[in-house]
Amino acid sequence: MYMFTNTAVETVIAESLSPNAIRDLRGRELAKRGGIKQIGARYAVPSQSSTSDSYIVDIVDETCTCPDYELRRQPCKHQHAALYWIAWGCDVNADGSITETVTVKRRTVKRDWSAYTAAQANEGIYVERLLRALCDGVEEPARKPGPGRKPIPLKDQAFAAIAKVYSTKSQRRAQSDLTDSVGKGNLDRVSHVNAISNFLGDEASTALLVSLIEESVKPLVAIENG
């Protein structure tokens, strides 16, 4: 059982997702949940926080009756949900029947190239910061004091192994990247080239890696349920 503190993880994820990207993700989840009903040329999209409330989306006028749209006058998660539902083409009714809809072309939105470039250019920085924040939450197992060199901290073993896999490089070629991580203060030292394979070959590492994956998605619950 591994214990984590995910405050730093939430901060990294929040910095890497724009508000519009979050609304798009929430809209996609709303569409997956179903329950969207066509009312003439408009669509009733259930509220994400209440099963009894719905908002009316007009895809022609590009409006919604939700407070978020009324405040911002920009695409909200309910508009995204309606567009995803239309694009996917059908909905399952309570009696199991299928209601087919006419697939329409989604409005093309001009890409924000500056944001796109920044995201691509800074991907490695955010990934390393997120990985460091995740691994810092790993508790070190109890070890008996004894002579010899201190073992590599478990959190650093995990960091090095995951960073190597993310880089898609061989263990030897990944050493220079890990050296850069040391320079940034994200890693204490670069271990022997075989340390990564030893860590990944240990069956106990599987539970740790799974726990890190589970921990990394916790901050995204707010996106699904917000």
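The values are calculated or read from the model by the stated rules, or taken from the named source; none is laboratory data. Worth saying up front: this structure is predicted, and the values here are computed from it rather than measured. Here the Cβ positions follow ideal geometry from the backbone for every residue, glycine too, while neighbour counts run over all protein chains shown.
Any chance the stretch 120-137 includes a residue that's modelled with pLDDT under 90 and charged (D, E, K, R)?
yes
Give the residue that is surrounded by the most Cβ atoms within 10 Å (Cβ to Cβ), with candidates limited to residues of the stretch 59-102 that are at pLDDT 75 or above and small (Gly, Ala, Ser).
This residue is 81.
Out of the residues in the stretch 152-190 meeting the condition of being part of a helix (DSSP H, G or I) and basic (Lys, Arg), tell me which one is surrounded by the fewest Cβ atoms within 10 Å (Cβ to Cβ).
155
In the stretch 191-206, what residues are surrounded by 11 or more Cβ atoms within 10 Å (Cβ to Cβ) and assigned to a helix (DSSP H, G or I)?
Matches in the stretch 191-206: 195, 196, 197, 198, 199, 200, 205.
Tell me whether the stretch 180-189 contains one or more residues that are under 27 Å from the mean Cα position of the chain (by Cα) and of a type in the set (S, T, N, Q).
yes
Look through 137, 185, 124, 201 and report the one residue that is among the small types (Gly, Ala, Ser) and over 30 Å from residue 18 (Cβ atoms).
201
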